[in-house]
Structures are given as C-alpha cells and as structure tokens.
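Enquirer: Structure below; questions to follow.
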Amino acid sequence: MSTRPTFRAGGNIALKVPLYRYEATLAFYRDALGLPYLGSAGESHVFQYGPLRLWLDPVAHQSQVDVWLEVVTPDLAAGTAHLAAAGVPVRDELEPLGDLAGHWISDPAGVVLLLTTGDAGDDERARDDGGTAAGTA
C-alpha cells in the first residue's frame, strides 16, 4: 500500500508582468507600497510579501499579468507521479528551471505552479545586497 504524497504551499509567488507595464508595476511595489526589497535575479525583482517572496518577472510576449504559485512536496518523483495520475499536466516547456529540482504544473484553470521539494527562493537567487544571483524566477 503506497502512501499519498503530501503537499504544502511554498514561499514564492511570481507575477509575470507584460513588458509595457513592468516598470510601473515595479514602482508600485517598491515606491507606492514600500515593500521590503530582497534583491534581483536577472531581470526579476523580489520583495518580501508577509511571510512570502513576491517575484516580479518581465515577460516579453504577454498581454496580461499571470500569477504563478509554488507548491512543495518532500518527494518530487512521488508527488509528480501522483499528480500525473490525477490528470495534472507537467508544463516544463514554460520556463527553464536551471539547476532547480522541480516541475512546472498547472491547475484546471490554467494557474501555473512550481512543484519542488523546498522553497525555491531559499537558494540565494535573490540576495539582500540587491546583486544579481544565478537562477530564474
């Protein structure tokens, strides 16, 4: 008898922002709200959003904002197999994960989720000194 994998919310939310609205959106979170700035990774910027990290990612060929979430499982292979059996598509074509162990998946409404074994933001991709670190958001 196999055990059902466990899942929990991760510590990251990504807003995929169209280029034509990116600077205004960045200014909103940075200047209007004054959220604590955690750093950058490539062209992405990261803010503290309560207990979460809010990633603002510029996207070239997009007309509206997408919200991407993170879900964590202790066993990536078992979690992926369980979700595949439930009809959840793996969407790894969406964005490269680099060295991060995980998969992009989506819910029935099309919301994209990062399935991983730990909080993706814990890997030093966004540094407190505002410097650029390796990885993608």
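Enquirer: Listed highest first by mean packing, meaning other Cβ atoms within 10 Å per residue, what order do 89-97, 59-67 come in?
Expert: The packing order, highest mean first, is 89-97, 59-67.
Enquirer: Okay, next question. Can you tell me the order of 50-57, 39-46, 2-9 when each peptide is scored by its average per-residue count of other Cβ atoms within 10 angstrom, highest first?
Expert: The most tightly packed comes first, giving 39-46, 50-57, 2-9.
Enquirer: Can you tell me, using C-alpha contacts under 8 Å and at least 6 residues apart, the relative contact order of the range 8-117 as a whole percent?
Expert: Computed value for the range 8-117: 28 percent relative contact order.
Enquirer: Let me ask something else about it. Sort 38, 19, 76 so the one with the fewest other Cβ atoms within 10 Å of its own Cβ comes first.
Expert: Placing the least packed residue first, the sequence is 19, 76, 38.
Enquirer: Suppose every K and R has +1 on its Cβ and every D and E has -1 on its Cβ; what is the size of the dipole of the range 46-112 about the Cα centre, in Debye to the nearest 20?
Expert: 140 debye
Enquirer: Using +1 at the C-beta of Lys and Arg and -1 at the C-beta of Asp and Glu, which of 46, 27, 77 has the Cα lying farthest in the positive direction of the dipole of the range 1-91?
Expert: Of the candidates, 77 comes out farthest on the positive side.
Enquirer: Over the alpha-carbon set of the chain, divide Rg by the Kirkwood Rh and report the Rg/Rh ratio to two decimals.
Expert: 0.99
Enquirer: Along each of its three principal axes, how wide is the spread of alpha-carbon positions in the range 1-76, in whole angstrom units, largest first?
Expert: Result, largest extent first: 53, 28, 19 Å.
Enquirer: When the helices in the chain are scored as -39500 (n - 2.57) per DSSP H run of 4 or longer and the sum is shared across all residues, what 222 nm value do you end up with, to the nearest 500 deg cm²/dmol?
Expert: -4000 deg cm²/dmol
Enquirer: Taking amide H atoms as placed 1.01 Å from N in the peptide plane, list the residues 5 or more away in sequence, or in a different chain, whose amide H sits under 5 Å from that of residue 70.
Expert: For residue 70, the qualifying residues are 10, 12, 114.
Enquirer: Rg(Cα) of the range 75-119 divided by 2.2 N^0.38 Å?
Expert: 1.08
Enquirer: May I ask for the angle, rounded to the nearest 10°, between helix 76-85 and the longest principal axis of the chain, with both axes built from Cα atoms and the value confined to 0 to 90°?
Expert: 70 degrees
Enquirer: Rounded to the nearest 20 Debye, what is the dipole magnitude of the chain about its Cα centre when Lys and Arg each give +1 and Asp and Glu each give -1 at the C-beta?
Expert: Dipole magnitude for the chain comes out near 340 debye.
Enquirer: Considering only 63, 89, 109, whose Cα is most displaced toward the positive end of the charge dipole of the chain, charges sitting on Cβ of Lys, Arg (+1) and Asp, Glu (-1)?
Expert: Most positive-ward Cα: 109.
Each reported figure results from applying straightforward, stated rules to the coordinates on display, with no laboratory input. Quick caveat, the model's predicted, so the values are computed rather than measured. Please note: Cβ atoms are built from the backbone with ideal geometry, for glycine as well, and neighbour counts cover all protein chains shown.
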